[in-house]
Structures are given as C-alpha cells and as structure tokens.
Amino acid sequence: MSDAFVSPAPAATTASVTPAAVEVVGVDKIFTAKKKATVTALEKVDLTVAPGEFVSLIGPSGCGKSTLLRLIADLDSPSLGSISVFGKTARQARLDQEYGIAFQQAGLLPWRTVTGNIELPLELHGVGSAARKARSAELLALVGLSDFAQSYPDQLSGGMQQRVAIARALAESPRLLLMDEPFGALDEMTRERMQTELVRITAETGAAVVFVTHSIPEAVYLSNRVVVMSPRPGRIRDVLTVSLGSAAERTEQLRENEAFFENVSRVRELLHGEAPVGIRGVETR
Ligand SMILES: Nc1ncnc2c1ncn2[C@@H]1O[C@H](COP(=O)(O)OP(=O)(O)O)[C@@H](O)[C@H]1O
Ligand SMILES: [Mg+2]
C-alpha cells in the first residue's frame, strides 16, 4: 500500500536500517556556457525516494526533469547541494551499478539479438556465459518476450524494443530504475499496456523507480507519489501522494475509476497552480 510512503518512519531508525533509494538535498543546477545566458535548471530541490517506491516527476518542458534524473544517475553533477543513492554518493552508486536506466529511445544495438542486448551489461561486468543465459531467459519471461530471444531489434515493434530496454536495465537486479519518458515515443494503446507491465514488473522486482513523464494520467497510474515541478527555475512545486492501491489493484479498469480521475484532476490543479490558462508541454488528457 502506498500508505507506507506517506509517513516514513523517523529518520533515526530509517537511516541506520535502510537508507533512502534516493536522497536529494538542497540541489541547484546552473548551466553556464560561453557567450550564452546562464540557465538555472534546478533550484532548491529536495526529494527523498524510499526503497521500492515509485515516484514520477512531472512538469512542462524545460522544467529540469531530465536534469534532475541525470544528476541522480551521476551523468552530471549539482552546482549546489548533495545527492545520495542508497546512502552512497551518486558516483559510488553508479560504479556499484545500483540503478538501471531507460530513456525515450530504447537505444538497443541493432547488430545484437534481443538476448545479446539484454546480456550486454552482464558481459561488460564479467558475468559468465551460463549465468548470463539464465538471467536473460528470466528477464525475457518477465517482459513477455521469450519467443523473441533471437530476434534483432529492427524486427520488433517500438513497444517490444522498449521492453527489451527495460529488461536490459533490470539485468543486474538494480534496486533503483531511472526512467526518462520511456514510453514517450509509443502510441497510446501500447503506452497503456506498457504502464500496466511496468507496475507488475516493479512489484515483482521491488525496485524503486524515478520516472520522468509529461503525461498526467501516466504519472497517476504508475506512482506512489507524483512530484510536480515548475519551470524557470525548476523547482518542486508540490508532491501528491496517490492512493490507488497495490500493484495488483492497478488494473486496466483502474483508468475508468472515479479515484483515478480525482487524482488526475489534483495533479492538473497543482501543475496549473500559478498559471491557470494551461501550460505548454504537458499532456492533460
Ligand atoms: N547541458 C546543458 N547546457 C545548457 N543548458 C541545459 C543543458 N541541459 C539542460 N539545459 C537547460 O536546462 C533546462 C532544463 O532542461 P531539462 O532538464 O532537459 O528539462 P525537461 O527534461 O524538464 O524538459 C532547460 O532550460 C534546458 O535548456
Ligand atoms: Mg526531458
């Protein structure tokens, strides 16, 4: 139940037992480039994600969602403040492969089979061939692609390619997944199916997820909490706790429920808080 995330246990007990999956404290990110205006992409961002929690970042284009995700992934570093992942520095967490990453483009290697793509991170980290085979078979079953083990990426639909990318991100059983609009390039029906799959997969693996999207229904459907960001400078405007039940209760029918619509409306209101006329770059369907 999402209630577990509403009132976390006191810091004194959680800190010593299980550190947060992600802890962002007082983070600013300022981009400066020669002959260009300085951009404050993030300002005073504080965010804690509990182990196993699903948190979405939503906000208009350019509000700093991808920047925040990149900082957590140690693909860039904050100008101010600190970030830890399972109690480690972002850098150490990256070296320890604490998280898997999936982006809007599946980013598969076209000359490798589905299995070859999924096994790639394991190969790079010296996992033996038998263990790799066992793991990729398990992951293919998890994402429903067992029949496509020997196919090449260009033989798969966009949704299937994205499932391969998710399987690859899960290869090393990370406790955290960082996802930046992973379903953004998919048609609406495929996208909804992928969302249902992702709810199931994260429930089965117990991984925490930080998920960037600009779709309100997607954020509501997937998340324990929705973090609403505002642009220029990117700040956290509000955080909404979604109480739509466990993964098992998040079925396709949920999308027709009153409670679902209520949460969608609440996120929409939070997003439009200071600018009621509609914000470019956010899907309100
Ligand atoms: N490497 C960079 N150099 C300069 N400006 C950047 C860079 N990356 C992002 N920005 C700027 O930071 C702001 C936030 O970008 P981004 O995090 O990509 O937004 P979002 O993912 O929410 O659409 C934007 O104004 C963008 O132009
Ligand atoms: Mg982005």
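Some values worked out for this structure:
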quantity: Relative contact order %, the chain, counting alpha carbon pairs below 8 Å whose residues are six or more apart; calculated: 26
quantity: Computed E for Gln105/His272 - FRET, C-beta separation, R0 30 angstrom, nearest 0.05; calculated: 0.50
quantity: Cα shape, the stretch 108-172, gyration tensor, a/c 1.5 rule; calculated: prolate
quantity: Rounded, prolate or oblate (a/c below 1.5 giving rounded, otherwise prolate when a/b exceeds b/c) for the chain by Cα gyration tensor; calculated: rounded
quantity: Selection from Ser79, Val24, Ser243, by position along the positive dipole direction of the chain (Cβ); calculated: Ser79
quantity: DSSP bridge orientation in the chain - percent antiparallel, rounded to nearest 5; calculated: 50
quantity: Net dipole in debye of the chain [+1 Lys, Arg Cβ; -1 Asp, Glu Cβ; about Cα centre; nearest 20]; calculated: 940
quantity: Cα-based Lys proximity count in the chain, under 22 Å, for pairs eight or more positions apart or on separate chains; calculated: 7
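Read-outs throughout are calculated quantities, based only on the coordinates presented, and are distinct from any laboratory measurement. Just so you know, these numbers come straight off a predicted model, no measurement behind them. Cβ sites come from the backbone with ideal geometry, for glycine too, and all protein chains shown count toward neighbours.
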